[in-house]
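All remarks here apply to the structure that follows.
The values are calculated or read from the model by the stated rules, or taken from the named source; none is laboratory data. Computed from a predicted structure; not experimentally measured. Positions of Cβ are generated from backbone atoms using ideal geometry, with glycine treated the same way; all protein chains shown enter the neighbour counts. Accessible surface areas use protein heavy atoms only, side chains included; no ligands, DNA or RNA. Shrake-Rupley method; radii C 1.70, N 1.55, O 1.52, S 1.80 Å.
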Amino acid sequence: MARVAVFGGSFNPIHYGHLLLADEVAETLALDRVLFVPAAQPPHKPATDLAPAPERFAMVALAVAGHPKFAVSDLELTRSGLSYTVDTLSALARPGDALFLLIGSETFLDLLSWREPRRVAKLARLVVVPRTGSAFDPESAAAQKVLREVGAEPFATLRGGPVPAQGTLVVHVSSLPVSASELRRRAREGRSLAFRLPPAVIAYIAAHRLYGTGG
């Protein structure tokens, strides 16, 4: 049985914060693979400043190359229409495999606005990753409402030790003070991107003049 985590997002662009999160979750949950899935048309994000999907896919592929447990999928690029997680999980589900879905705590609290959130929670075990310093409280009324509405199991907070066999996992990992919007702004202004994202991705942004670079 393969233990596979799905890590979706716009990755606009992918940066070291994404990579560190995925690496720590892979280690903590003893995963076989973390599958990065760039969204072609994110339903909850405006297209403003969104690099073309093939460009974002290419940057993710460059960023994850060489990591033994990282892979990238073009599933949402080859499927027409908006990029809904429920469709992606349905396509990735394999008998015998254990699917996990990595989501930030803010995203988890917005889960009821997703398409078929109950089905999402049935297709994959939810892994909620709060940002360092986040005020996310698993016992809050808002968090408990989401659990109840999607039919997910109670929270199980993981801070080392064996992974519980059941429960909606809350995994605390290291958080880097890097944001994609700040990186796009720095690119537009011709400022340094060093030590914020992989060198191969920095070179790709420059070569393809993304985010106003060289424009």
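Quick look at the numbers
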| quantity | calculated |
| --- | --- |
| Residue tally, condition of a type in the set (F, W, Y) and without any contact (Cβ under 8 Å) to a residue 12 or more places away in the chain, over the range 116-165 | 0 |
| Odd one out for S90 among (1) open to solvent by less than 50 Å² (accessible area, probe 1.4 Å); (2) farther than 17 Å from A124 by Cα; (3) out of contact with any Asp or Glu (no Cβ under 9 Å at 6 or more places or on another chain); (4) among the polar types (S, T, N, Q) | (2) |
| Per-region count, the range 124-152, residues surrounded by fewer than 18 Cβ atoms within 10 Å (Cβ to Cβ) and either under 26 Å from G96 (Cβ atoms) or small (G, A, S) (or both) | 7 |
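Listed here are the residues, each with its yes/no results for (1) closer than 17 Å to L20 by Cβ; (2) in contact (Cβ under 8 Å) with a residue 24 or more places away in the chain; (3) surrounded by 11 or more Cβ atoms within 10 Å (Cβ to Cβ).
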position	(1), (2), (3)
V171	yes, yes, yes
S175	yes, yes, yes
R188	no, yes, yes
A194	yes, no, no
L197	yes, yes, yes
A200	yes, yes, yes
R209	no, no, yes
